[in-house]
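Read-outs: derived from the displayed coordinates by stated rules, not from any lab. All figures in this text were calculated on a predicted structure; none of them were measured in a lab. Methodologically, a virtual Cβ is constructed for each residue, glycine included, from the backbone with ideal geometry; neighbour enumeration extends over all protein chains shown.
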Amino acid sequence: MLILLSGVCPTGWLQNKDRCYETNVVSGYWQTWFSAQQHCQSTGTSLLIIDR
């Protein structure tokens, strides 16, 4: 998840209000949680956390 500063999400990201979400799903390919977290950290973002 990325918080908008400029009002526009990066190309390929989905926007919902003032937040941007990257869906990194490639058909037939899944990442481990650790791998996905590393990817997010490399882009200065974090994994989405859903509280119940």
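Taking 7 Å along the Cα-to-C-beta vector as the label spot, tell me the residue 18-residue 51 distance in nanometres, rounded to one decimal.
1.8
May I ask you to evaluate 6.51 cos²θ - 1.76 cosθ + 1.60, the Karplus curve with θ = phi - 60°, for each residue of the stretch 39-52 and list the ³J(HN,Hα) values in order in whole Hz, giving x for glycine and proline?
4, 4, 4, 5, 9, x, 10, 9, 5, 5, 10, 10, 8, 9
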